[in-house]
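What follows is one structure encoded as structure tokens, with my remarks underneath.
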Amino acid sequence: MMSTSRVENPAGGVSGKAIRHESAPLHVTGRAHYADDIPLPAGALHVAIGQSEVAHGRLRELDLSLVRAAPGVVAVLTAADVPGENNYGAVLKDDPIFAFDAVQHVGQPLFAVVATSMDAARRALRLARVDIDVLPAILDIREALARESFVLPTVRLERGDAEVALGAAPFCLEGSFSLGGQEHFYLEANVAVALPQDDGSLVIHSSTQNPTEVQHVVAHALGVPAHEVGIQCRRLGGAFGGKESQPALFAAIAAIAARRLGRAVKLRLDRDADMTMTGKRHDFEADYRVGFDAGGRILALDVMLASRCGYSADLSGPVNDRAMFHLDNCYFLDNVRIVSHRCKTHTVSNTAFRGFGGPQGMMVIEVVIDAIARRLGCDPLAVRQRNFYGIGTRDVTHYQMRVEDNIIADLVSRLALSSDYQARRAAIARSNAASSLVKRGIALTPVKFGISFTATHFNQAGALVHVYADGSVLLNHGGLEMGQGLHTKVAQVVADEFGLPLSAIRISATDTAKVPNTAATAASSGTDLNGKAAQAAARIIRGRMQDFLAGKYAADRAAVRFTQGEVHIGETHLPFAEAARQSWFARVSLSSTGFYATPKIHYDPKSMIGRPFYYFAYGAAVSEVAIDTLTGEHRLLRVDILHDAGRSLNPAIDIGQVEGGFLQGVGWLTCEELWWDREGRLKTHAPSTYKIPAVSDWPEVAHVKLLERADNREDTIFRAKAVGEPPLMLAMSVFHALREAVSAAVGDGEAGARAAARLMAPATPEAVLRALGALDGAGLS
Ligand code: MTE
Ligand code: HPA
Ligand code: MOS
């Protein structure tokens, strides 16, 4: 095997080039096919799901006689109609496909209607008579904590002795922080199209990040072996973690109907159904006590984290673990205790969302640092820098992993310089003094994000590469294209292995029949895993061609090179297509699978000690905001970002991920608010009531750069780094800039510090007014 080094990513190759997304023309012209665009066979049926209107209760009677009799209705399904296991739980078996006894959240599926049209199915739903004995519901985190209502046991992670160190610290502070959840708002809602085959097996087009899990859940629900179920997906219209576990529910319902009726069945949710039936980012409550010295260095930290998991575990275990692992962000925490409660509430089951708990953990330490800086009356950036991990010293995380690739101090200094942070901070202080109604703020926050699934066994991938006798290449791998550019990057890797232009590589739909036993495309590791697996497959084929051509042309094997669409065999040059044709004619196999498993990672899930991450991705952002102190409205005026994508495989795509991730994070922390009423009904269940950032929210001044000469020190695909999730956390700078502005509005010093600490996330205009004290006495605070 060649070593992974610069030579291997040749100038003249396509890796490292800013190349547009393989489907860009299809996306912008509307010609891209999503699952909903697949033409249905004659006689296809449509499904709509009957949902609970009660948050918690016992299902006494489900009278569906009128539903059955409604026009167009072909079948009605309930828990009794599930041939196998009535469950789609990702980790625990606590997610019924259809509720059968306990009803645990408003929106929970109770039954499904299969009809000749979507419209008929939806109309029939309304005729159901549902009798539920209503029980008291637990609807928020603090209430769940008080009642010790948990979906999973509480987890503790400790290093040193936080209690003793708190007692000895010259300064101590305590506080609390609330952090809202987030709706994924992928543009494509959940969809599943189940197509029965002549042998009784099923092919399902599912909008999923995790075809293998959908395959297994469907097989269990039907009570058949996995080889009777094939899952396919060409692309997703966005996923963001929201399609890691829960699409299995919809595929299972479509499959049960299709199997029973022997007809094609489509289930596509409308926006309201999707928002009320699927989980979101976990909201968190945190309480902390911190001890520090006069320079702002943290000496002791004691944190209680509590998250809203909803009614079931879903992925809440690993999400909350990741929150604990990321509580350090870029900072060395010596004496630390983290207690993490996984609260059970009678709301929809929360799930993966870009960052997977990491953002929540990181926000808590950033809020702690902010409080320390205000207490000491110094620039929060100075306190951040004082607490950074060292190089060769103070470099072991609270879970005992050495931070070997630390570049944060240097990256932050560069960004502070290039963004003119210090001068702008001084200028903002002057302009705030002169402006009574509009106040500005600026903040720089860093990011360190661990790359790998924390569950070690997920860190594997497979690929299947065919070279056809005309020299064209078909690539298939286990990853899902959801807009993030995975297919483009993996195609770039394969093109370079064969020395071909990108146009010679075609990627086909992800399919459990082609690559089995895959992990979800998640944890930002899609390119790291599938890129390496595809590279391995391509290398096997290339090696066979090399052997054959070296023999045929009596050349040294090492003298057979693949470059610029040709194969050079000593003095002989063949077009790649001719080399492929000759290899085929000589009966050389031109198809291969490839496999990859991430090295070095391990950890003990009980103690949480080990090396859960292969490496870290870094970044930092400086954001400048203005708030209107009368209305609480605010604007992001300027952002400067320096992000570490390692040796970027495709800077155009990576910049897109950085910008998109950042703005999605801005939405989470500033405008997206989930709101349930006292009956547990989600009132923000549509774009009319749930506000995501718009194009107009992008700042007028934005300098977004990838760190240069940033080769990954680990042997990743062409030394690149994962880029999918980390940029979301760059948005922490916007929240902290808002805290600066709030503090400035109230007056620096004690009052300003108190006001800043009152600002919770999301920092909506109401939250800003509340922090300013402007709602006190208005009955709204
Ligand atoms: N980018 C787009 N356009 N759409 C998405 O759904 N999901 C994000 C990120 N970027 C997402 C995205 C999430 S949550 C993850 S984990 C990664 O992409 C997954 O893809 P990757 O591993 O190939 O980066
Ligand atoms: N990240 C994202 N998705 C996951 C993880 C993780 O660490 N573990 C299980 N699913
Ligand atoms: Mo991303 S939350 O790991 O799908």
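The values are calculated or read from the model by the stated rules, or taken from the named source; none is laboratory data. Because the structure is predicted, anything quoted here is derived from the model rather than measured. Every residue, glycine as well, gets a Cβ built from its backbone with ideal geometry; the counts of neighbours run over all protein chains shown. Note: areas computed on protein heavy atoms with side chains; ligands, DNA, RNA excluded. Shrake-Rupley method; radii C 1.70, N 1.55, O 1.52, S 1.80 Å.
Of note, Ala491 satisfies the criterion of being more than 16 Å from ligand 2 (Cβ to nearest atom) and either within 25 Å of Arg647 (Cα to Cα) or surrounded by fewer than 24 Cβ atoms within 10 Å (Cβ to Cβ) (or both).
Candidates in region 494-538 are the residues that are out of contact with any strand residue (DSSP E or B) (no Cβ under 9 Å at 6 or more places or on another chain) and within 16 Å of ligand 1 (Cβ to nearest atom); of these, the one that is farthest from Asn210 (Cα to Cα) is Ala522.
Candidates are the residues of region 244-267 that are within 19 Å of Asn517 (Cβ to Cβ) and touching a strand residue (DSSP E or B) at 6+ places or on another chain (Cβ under 9 Å); the one that is nearest to ligand 3 (Cβ to nearest atom) is Pro247.
Within region 559-568, is even one residue modelled with pLDDT of 95 or more, touching a Ser or Thr at 6+ places or on another chain (Cβ under 9 Å) and small (Gly, Ala, Ser)? No; the residues of region 559-568 include none that is modelled with pLDDT of 95 or more, touching a Ser or Thr at 6+ places or on another chain (Cβ under 9 Å) and small (Gly, Ala, Ser). Among residues of region 355-374 that are under 20 Å from Glu183 (Cβ atoms) and open to solvent by less than 10 Å² (accessible area, probe 1.4 Å), those with a Cβ under 6 angstrom from a residue that is modelled with pLDDT of 95 or more and more than 14 Å from ligand 3 (Cβ to nearest atom), sequence gap 6+ or separate chain, pair up as Gln360/Leu179; Gln360/Phe284; Met363/Leu179.
Among the residues of region 461-480, those that are surrounded by fewer than 24 Cβ atoms within 10 Å (Cβ to Cβ) and either part of a loop (DSSP other than H, G, I, E, B) or within 13 Å of ligand 2 (Cβ to nearest atom) (or both) comprise Tyr468, Ala469, Asp470, Gly471, Ser472.
Scanning region 206-232 for residues that are surrounded by 24 or more Cβ atoms within 10 Å (Cβ to Cβ) and away from ligand 2 (no atom under 16 Å from the Cβ) turns up Ser206, Ser207, Gln215, Val218, Ala221, Val229, Ile231. Within the option set Ala722, Ala731, being in a loop (DSSP other than H, G, I, E, B) and within 30 Å of Asp274 (Cα to Cα) holds for one residue only, Ala722. If I filter region 264-290 down to residues being under 16 Å from Ala165 (Cα atoms) and surrounded by 21 or more Cβ atoms within 10 Å (Cβ to Cβ), which single residue comes out as farthest from ligand 1 (Cβ to nearest atom)? Once the filter is applied, the top-ranked residue is Val290. The set of residues in region 493-541 that are of a type outside the set (A, V, I, L, M) and within 16 Å of ligand 3 (Cβ to nearest atom) comprises Thr510, Thr518, Thr521, Ser524, Ser525, Gly526, Thr527, Asp528, Asn530. Scanning region 233-259 for residues that are in contact with a helix residue (DSSP H, G or I) (Cβ under 7 Å, 6 or more places away or on another chain) and more than 16 Å from ligand 2 (Cβ to nearest atom) yields Cys233, Ala251, Ala252, Ala255, Ile256, Arg259. Assessment of region 359-370 against the conditions (touching a His at 6+ places or on another chain (Cβ under 9 Å), over 22 Å from Tyr88 (Cβ atoms) and either of a type in the set (Phe, Trp, Tyr) or in a loop (DSSP other than H, G, I, E, B) (or both)) yields no matching residue.
Of all residues in region 566-592, those that are in a strand (DSSP E or B) and farther than 20 Å from Ala504 by Cβ total 1. Among the residues making up region 724-769, those that are within 16 Å of ligand 2 (Cβ to nearest atom), more than 16 Å from Ile369 (Cβ to Cβ) and open to solvent by less than 10 Å² (accessible area, probe 1.4 Å) are Pro726, Pro727, Leu728. Within region 512-548, the set of residues being away from ligand 2 (no atom under 16 Å from the Cβ), under 22 Å from the mean Cα position of the chain (by Cα) and open to solvent by less than 10 Å² (accessible area, probe 1.4 Å) comprises Gly531, Ala533.
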